[in-house]
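These notes are about the structure you will find just below.
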Amino acid sequence: MARIVVIGAGVIGLSTALALEREGHEVVILAKDAGDSIVSFVAGAVWYPFKVGPVDKVPAWAAATRAWMLELARTTPEAGVDVLTRFELANDDTRPWWADATPDLELVRDLHGTPLPKGATHAWKFAAPRAEPRLFMAWLAASLRGRVRVQTVSSLRETLAAENADALVNCTGLAARGLTGDRELVGVYGQVVITEPGGLDLHECLGDERDEREMFYTIPRRHEVVLGGCAEPSPDDRPTVTTPQMTRTILSRAEQLGLRPGRVIRERAGLRPFRPSVRLERDGDEPRIVHNYGHGGAGYTLCWGCAQTAAALIRG
Ligand SMILES: Cc1cc2nc3c(=O)[nH]c(=O)nc-3n(C[C@H](O)[C@H](O)[C@H](O)COP(=O)(O)OP(=O)(O)OC[C@H]3O[C@@H](n4cnc5c(N)ncnc54)[C@H](O)[C@@H]3O)c2cc1C
């Protein structure tokens, strides 16, 4: 058993801490913020590999996470995971790059007998587990033996020494840029509008990422629906405030698709920690430090697969 410090209490930090505890380690979690201001609470939190790489590793991480979430949906209702049917619009029948992660992927040419919207000729249909961030994060935290200690870390090496730890896992999302100097990591702004269900089916979600400038998705939760969105590369210090203009854009995209969401309940915005490749590796200078950040628009989609790889790296 080793003593391990995890920095960060977003979906990546908490799932990594859980994987490490399940291997028998003593885990200490340090986080600047553990409340719902972090991007892990902004996410629609449906399983879908969006704005993330690399293409040769993501499908395996995504498949492992999907299997875990499907199991949670079956066995652990308090984790807030449910299984939705996702329809992802496409312009042709080219298999998506992440297809190996979804054995049930099916190509359809209509939506329940009605033509596909916005000129799409095909759609990929598959079972997509979705987490309710508030429930899932609370369940993760409650599943841990260790508790989150609110503390801002300014040096990974100094923290490793100060905590007298055998290893440290860096799960600080976008803030990893400041801690490591990683210039490949950038913020990608996203906004969502949360509405009452209105005329929307709470068991199905629709995604259209064919053109990121006009992207749209619906992600139903148990009692509300998340509508999105946008993906705008942004400076780290871009305020994560919502704009009425983006709200109008999202609602008008829903209308163009013939969807009738209910009343707007609230809006949220956040910066996805995007990197061309998730950084999941030992530090080149200090091998007792493992990095696990840069999950872009897919932190929920990859969390468990990446947590298990991080635990394997600690094992050596
Ligand atoms: C609009 C939107 C929709 C999204 N939808 C989805 C979706 O449907 N599916 C999906 O899979 N993903 C989605 N995402 C992406 C997802 O939210 C992120 O990939 C994920 O939350 C990243 O998690 P994280 O734990 O790495 O980062 P964070 O949630 O940012 O957590 C980082 C943690 O590190 C801590 N920290 C930072 N700096 C320090 C420091 N110096 N010292 C101590 N602690 C520190 C923070 O306080 C925090 O606790 C969406 C994102 C957005 C913006």
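The values are calculated or read from the model by the stated rules, or taken from the named source; none is laboratory data. These numbers were taken from a predicted model, which means no experiment stands behind them. Here Cβ is always computed from backbone atoms with ideal geometry, including for glycine, and neighbour counts include all displayed protein chains.
Any residue that is modelled with pLDDT of 95 or more, over 26 Å from E21 (Cβ atoms) and small (G, A, S) - is there at least one of those in segment 39-60? Checking segment 39-60: at least one residue is modelled with pLDDT of 95 or more, over 26 Å from E21 (Cβ atoms) and small (G, A, S). Listed here are the strands (runs of 3 or more DSSP E) enclosed by segment 103-214 that have at least 1 residues being over 23 Å from the mean Cα position of the chain (by Cα): 106-108, 122-131, 167-170.
Could we say that L200 is touching a residue at least 60 places away in the same chain (Cβ under 8 Å), of a type outside the set (V, I, T) and within 13 Å of the ligand (Cβ to nearest atom) here? So L200 does not fit the description; no.
When we screen L84, L70, L89, L105 for residues that are surrounded by 13 or more Cβ atoms within 10 Å (Cβ to Cβ) and touching a helix residue (DSSP H, G or I) at 6+ places or on another chain (Cβ under 9 Å), the only hit is L105. Quick one: would you say L206 is within 26 Å of D92 (Cα to Cα), touching a helix residue (DSSP H, G or I) at 6+ places or on another chain (Cβ under 7 Å), modelled with pLDDT of 95 or more and of a type in the set (A, V, I, L, M, F, W, C)? In short, no.
Provide a single number: the residues in segment 180-197 that are touching a residue at least 40 places away in the same chain (Cβ under 8 Å) and either hydroxyl-bearing (S, T, Y) or under 29 Å from E26 (Cα atoms) (or both).
Selection size over segment 180-197: 4.
Just give me the residues in segment 281-316 being within 11 Å of the ligand (Cβ to nearest atom) and of a type in the set (A, V, I, L, M), in sequence order. A298, L302, A307, listed by residue number.
Scanning segment 21-45 for residues that are aliphatic (A, V, I, L, M) and either in a loop (DSSP other than H, G, I, E, B) or more than 11 Å from G146 (Cα to Cα) (or both) turns up A31, A34, I38, V39, V42, A43, A45.
Can D283 be described as modelled with pLDDT of 95 or more and farther than 21 Å from I12 by Cβ? Criteria not met by D283. Just give me the residues in segment 265-280 being more than 12 Å from the ligand (Cβ to nearest atom) and either touching a Phe, Trp or Tyr at 6+ places or on another chain (Cβ under 8 Å) or not hydrophobic (A, V, I, L, M, F, W, C) (or both), in sequence order. Scanning segment 265-280 gives R266, P276, S277. The set of residues from segment 215-264 being of a type in the set (F, W, Y) and within 11 Å of the ligand (Cβ to nearest atom) comprises just one member, Y217. A residue that is among the hydroxyl-bearing types (S, T, Y) and in a helix (DSSP H, G or I) can be found somewhere in segment 59-67. Filtering segment 68-95 to residues that are under 18 Å from the mean Cα position of the chain (by Cα), within 16 Å of Y300 (Cβ to Cβ) and not in a helix (DSSP H, G or I) leaves G80, V81, D82, V83, L84, R86.
Taking into account only those residues within segment 183-197 that are away from the ligand (no atom under 13 Å from the Cβ) and surrounded by fewer than 19 Cβ atoms within 10 Å (Cβ to Cβ), which is farthest from L111 (Cα to Cα)? It comes out as R183. Restricting segment 24-49 to residues that are near the ligand (Cβ under 7 Å from one of its atoms), touching a Gly at 6+ places or on another chain (Cβ under 6 Å) and among the hydrophobic types (A, V, I, L, M, F, W, C) leaves a set whose member that is nearest to C171 (Cα to Cα) is A31.
The set of residues from segment 203-214 being buried (at least 19 other Cβ atoms within 10 Å of the Cβ) and either small (G, A, S) or more than 12 Å from the ligand (Cβ to nearest atom) (or both) comprises L206, G207, D208.
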